[in-house]
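*Asks:* Quick one: the structure is below, and I'll ask about it shortly.
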Amino acid sequence: MTARFFHGPARRQAAFQRLWPDMLLGLMAILALLPACTALQGIVRSVVLWVVVALVFNSRRVLLACLLPVVVLLPAALYYISMSGVPPGYPLWLILFYCSFPVVVGYVWPVLPYLGLWTLVWVVLAGCYLSRPRGAVVGWRVRTRMACVAVLLGWIVIPTVQLWGRLPPSRDGTENPMVPIHSRFDRAWPWSMATGYVAARRETRRVTDMARRISHEPIHFNPPPPATPQVIVLVIGESARRDHHHIYGYGPATTPEMEQAPGLVRFDDMVTPFDYTVGAVPVILSGYDRLRPGAAPGRDLVSVFNAAGFDTWWISNHPRLGPYDSVIGAYSEQARHIAYTTVHDGLMSSPVLDERMLPVVDHAITDAHGRAFIVLHLFGSHENAADRFPRGFASLGTAYDNSIAYTDHMLAHVRATLAAHGGEAALFYVSDHGVRIAECSGGIPVHGDVRAAYEIPFYLWTSAAWQAAHPQAVQAARDNAHVPLTLAALPPSVLDAAGLHYGAADEALSVLSAHPARMARIVHGDGTANQNVDYDHSHDDGRCHIARD
């Protein structure tokens, strides 16, 4: 009895000593899984992949060694989740690829001592664990373990391969097929870092290739570019459909300021070929319709204005990089002055209100002592529309209409700044595309290929000095206000307004020409059956998709 009494504590202590290492391993496993808890699918896929690692090596020491770097990075992962809502992955890699080493160090410098202490603690604990043999994870036979590994990997790999097989064509390199693959693992920390790295590398190559394909051959203007000081501004709107603008007959007063602007011409039959930004903006900037047979990237507006000696600006409230922004970023990189006003400088981050761009715009206009070309890329009425305007504009009943009114205010501010600057000036405004509102969307503005999503607003405002210098162009613009137009008319119209003419420019499409050429208005739906539809011979089908008549 006495011996049992004294031996009891010793046995319990020995059992605790055997159990303690496994407690450490279990704690590290829990910490490694913690960032994956943002979604159930993240937890499940992360656990499955960790189980695969455990079964393949079947060593507790190897498993802990694999867990160690993940646990060391835990504070950084949680901090990233607090900002973005998802574990680190594709967006983080894009930031790292496009930031210099000093910038990265600047981000982590304030917390570096704490990270160092955290790392030291876990390295010491892991070192104690690894200093002694710890045995196998499971006592199963090799054949049994490998069979389990095959089943688990099949559960992960087969759906991923099926997804790859169902992906649409990459559309001439302007889409990144690795992004939807990564999205299956974007919550499964730390595996999100691996798939995110592959997707981000693909993205950087895609942007580099797109920038390389932009023509930089010398341009021979005929006649030579005019030396007259002038400011040309191109405002690219976002998700604004024409039938929600009061200036085009819509009931609510969504355009109270611009419709009072003297010298404004509104074109009431402009159609965009795409219902999404990454397809439409290249058409606005260069006329390049990537889905049109035989189309190839040509000269973009920014590069042409550079060649003509203009001071060029790109001011954007869109993210600089990402699955829907990187291709546009390739065009922005051509500008001499680049300003992204989104959070964290536009690297896959959240947009702020568009008014954040106004100080930069004002500076670009007021400091223009010669010739300047300014591109202003608004976030406009993009989903979610309720986040796109300040409280002072919440008066029209719907968030979408309020966002249109806020864009109208932005345009009026730019126009007023141009007028105050004086001299020859022209302001072009066009939206990239519209959205569904009442069409199969429950009244919520969302992207979709209905006819109304291809009908976009297009304004041209010119200063009194510009009108006096170009009376024939002014009259032509007024005469063409009701002409059926496609977005491909935008680049030659902007160049025409600046007096820039060269052989490769399709000047016949300009709205400032007396008789603009007409072309079939082919638009691209989101499916394979309606990818190329003649807008003028189309209708919406029962599922709210544009279809051929």
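The values are calculated or read from the model by the stated rules, or taken from the named source; none is laboratory data. Note that the structure is predicted; figures quoted are calculated from it, not measured. Backbone-built Cβ (ideal geometry, glycine too); neighbour counts: all protein chains shown.
*Asks:* For D300, state whether it is within 20 Å of L495 (Cβ to Cβ) and among the acidic types (D, E).
*Replies:* Against the criterion (within 20 Å of L495 (Cβ to Cβ) and among the acidic types (D, E)), D300 qualifies.
*Asks:* Something else: Of the conditions (1) in a loop (DSSP other than H, G, I, E, B); (2) touching a His at 6+ places or on another chain (Cβ under 7 Å), I365 fails just one. Which one is it?
*Replies:* So the condition that I365 fails would be (1).
*Asks:* A further question follows. Taking the stated definitions as given, is P75 within 26 Å of D186 (Cα to Cα), at pLDDT 85 or above, under 22 Å from the mean Cα position of the chain (by Cα) and not aromatic (F, W, Y)? Walk me through it before giving the result.
*Replies:* Numbers: within 26 Å of D186 (Cα to Cα): yes; at pLDDT 85 or above: yes; under 22 Å from the mean Cα position of the chain (by Cα): no; not aromatic (F, W, Y): yes.
Here the answer is no, as P75 does not meet what is asked.
*Asks:* Additional query: Would you kindly identify the helices (runs of 4 or more DSSP H) lying entirely within region 457-549 that contain at least 2 residues that are at pLDDT below 90?
*Replies:* Counting at least 2 such residues, we get no helices (runs of 4 or more DSSP H) at all.
*Asks:* Here are A514, A477, A498, A438: which of them is farther than 14 Å from V233 by Cβ, buried (at least 21 other Cβ atoms within 10 Å of the Cβ) and among the aliphatic types (A, V, I, L, M)?
*Replies:* Checking each option against the conditions leaves just A477.
*Asks:* Additional query: Among A32, A65, which is the only one that is over 30 Å from T204 (Cβ atoms), modelled with pLDDT of 90 or more and either among the small types (G, A, S) or not in a helix (DSSP H, G or I) (or both)?
*Replies:* A65
*Asks:* Would you say Q467 is surrounded by fewer than 22 Cβ atoms within 10 Å (Cβ to Cβ), touching a residue at least 60 places away in the same chain (Cβ under 8 Å), more than 21 Å from D432 (Cα to Cα) and polar (S, T, N, Q)?
*Replies:* When the stated conditions are applied, Q467 passes them.
*Asks:* Of the residues E217, E259, which is touching a helix residue (DSSP H, G or I) at 6+ places or on another chain (Cβ under 7 Å) and acidic (D, E)?
*Replies:* Just a single option satisfies the conditions, and that option is E259.
*Asks:* May I ask you to list pairs of residues, at least six apart or on different chains, whose Cβ atoms are under 6 Å apart, with the first in region 275-290 being in the same structural domain as D432 (by TED's automatic domain parsing) and the second being assigned to a helix (DSSP H, G or I) and at pLDDT below 85?
*Replies:* V278/V327; V281/I328; L285/Y331
*Asks:* State which residue is farthest from S239 (Cα to Cα) when the search covers only region 278-292 and only residues that are among the aliphatic types (A, V, I, L, M) and surrounded by fewer than 20 Cβ atoms within 10 Å (Cβ to Cβ).
*Replies:* As a first pass, look at region 278-292 and keep what is among the aliphatic types (A, V, I, L, M): 278, 280-281, 283-285, 291.
Retained after the next criterion (residues that are surrounded by fewer than 20 Cβ atoms within 10 Å (Cβ to Cβ)): 278, 291.
Numbers: V278: 12, L291: 20 Å.
Step by step, filter region 278-292, then rank; the result is L291.
*Asks:* Can you name the residue in region 501-511 that is hydrophobic (A, V, I, L, M, F, W, C) and touching a helix residue (DSSP H, G or I) at 6+ places or on another chain (Cβ under 8 Å) and is also surrounded by the most Cβ atoms within 10 Å (Cβ to Cβ) among such residues?
*Replies:* Out of the qualifying residues, it is V511.
*Asks:* Quick one: F274 ticks every box in (1) in a helix (DSSP H, G or I); (2) crowded, with 24+ Cβ neighbours inside 10 Å except a single one, so which number is it?
*Replies:* (1)
*Asks:* With the condition kept exactly as written, say whether any residue in region 138-145 is modelled with pLDDT of 90 or more, of a type in the set (A, V, I, L, M, F, W, C), in a loop (DSSP other than H, G, I, E, B) and touching a Ser or Thr at 6+ places or on another chain (Cβ under 7 Å).
*Replies:* No, region 138-145 contains no residue that is modelled with pLDDT of 90 or more, of a type in the set (A, V, I, L, M, F, W, C), in a loop (DSSP other than H, G, I, E, B) and touching a Ser or Thr at 6+ places or on another chain (Cβ under 7 Å).
*Asks:* Would you call D449 within 21 Å of the chain's Cα centre (by Cα), buried (at least 24 other Cβ atoms within 10 Å of the Cβ), more than 28 Å from Q230 (Cα to Cα) and touching a residue at least 60 places away in the same chain (Cβ under 8 Å)?
*Replies:* Yes; evaluated as a whole, the condition is true for this residue.
*Asks:* Then there is this: Run down V511, V494 and say which single residue is assigned by TED's automatic domain parsing to the domain that holds L427, touching a Ser or Thr at 6+ places or on another chain (Cβ under 7 Å) and closer than 21 Å to P223 by Cα.
*Replies:* V511
*Asks:* When you go through A385, A412 one by one, which is the residue that is at pLDDT 90 or above and either surrounded by fewer than 22 Cβ atoms within 10 Å (Cβ to Cβ) or not β-branched (V, I, T) (or both)? It would help to see each step written out before you state the result.
*Replies:* Working: A385 fails: at pLDDT 90 or above.
Sole residue among the options that is at pLDDT 90 or above and either surrounded by fewer than 22 Cβ atoms within 10 Å (Cβ to Cβ) or not β-branched (V, I, T) (or both): A412.
*Asks:* So the check is Cβ under 7 Å with 6+ separation or different chains; which pairs have a first residue in region 161-186 that's farther than 21 Å from R45 by Cα and among the acidic types (D, E) and a second one that's at pLDDT 75 or above and crowded, with 20+ Cβ neighbours inside 10 Å?
*Replies:* D172/R290
*Asks:* Residues in region 55-72: is at least one touching a Cys at 6+ places or on another chain (Cβ under 9 Å) and over 21 Å from S183 (Cβ atoms)?
*Replies:* There is at least one residue in region 55-72 that is touching a Cys at 6+ places or on another chain (Cβ under 9 Å) and over 21 Å from S183 (Cβ atoms).
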